[in-house]
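Computed from the coordinates by the stated procedures, all read-outs in this text should not be read as laboratory data. This structure is a prediction, so every number in the text was calculated from the model and none was measured.
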């Protein structure tokens with residue numbers, strides 16, 4: 001298996017230097033779409049959906065939470081949290097409790113039945129990790145470093161200036 005560093009510059013698979021940022025943007029978008037579809041498919045069987053598993057894992061790791069805090073933790077809208085909680089509540093996996101000091105807020109807590117689903121999420125993560133285990137340790141470190149760097153820049157709202165047209 002050849003890597004990009006093994007390819008010759010004249011190889012048509014290697015984009016010109018000026019085209020690299022655009023090629024990366026296209027490749028990453030394609031990877032993210034494919035990865036999300038694949039990751040959701042890995043959470044098959046008689047378990048809650050992937051978004052519901054993420055919410056249950058949030059409750060498992062952070063403890064009972066206000067819905068607005070769950071939205072922030074999962075980086076989704078409060079409306080989406082409401083829909084997820086409605087579904088999980090109907091399945092008997094979470095319950096709503098009044099907030100002890102804020103009458104307007106509701107606390108979401110997992111039920112005893114949720115522990116099995118939370119365990120399924122951990123298994124799901126391990127399954128996904130096997131994909132990355134197929135990379136060399138150096139590639140794993142590079143990918144981790146680069147994804148963290150880009151995520152940090154996106155969260156900070158920074159980006160490079162748009163390329164000049166005609167370059």
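Before moving on, here are some points about what is shown:
- Expressed in Å, the radius of gyration and Dmax of the Cα atoms of region 33-99 are 12.2, 40.
- Per residue, the Cα convex hull of region 19-155 amounts to 137 Å³.
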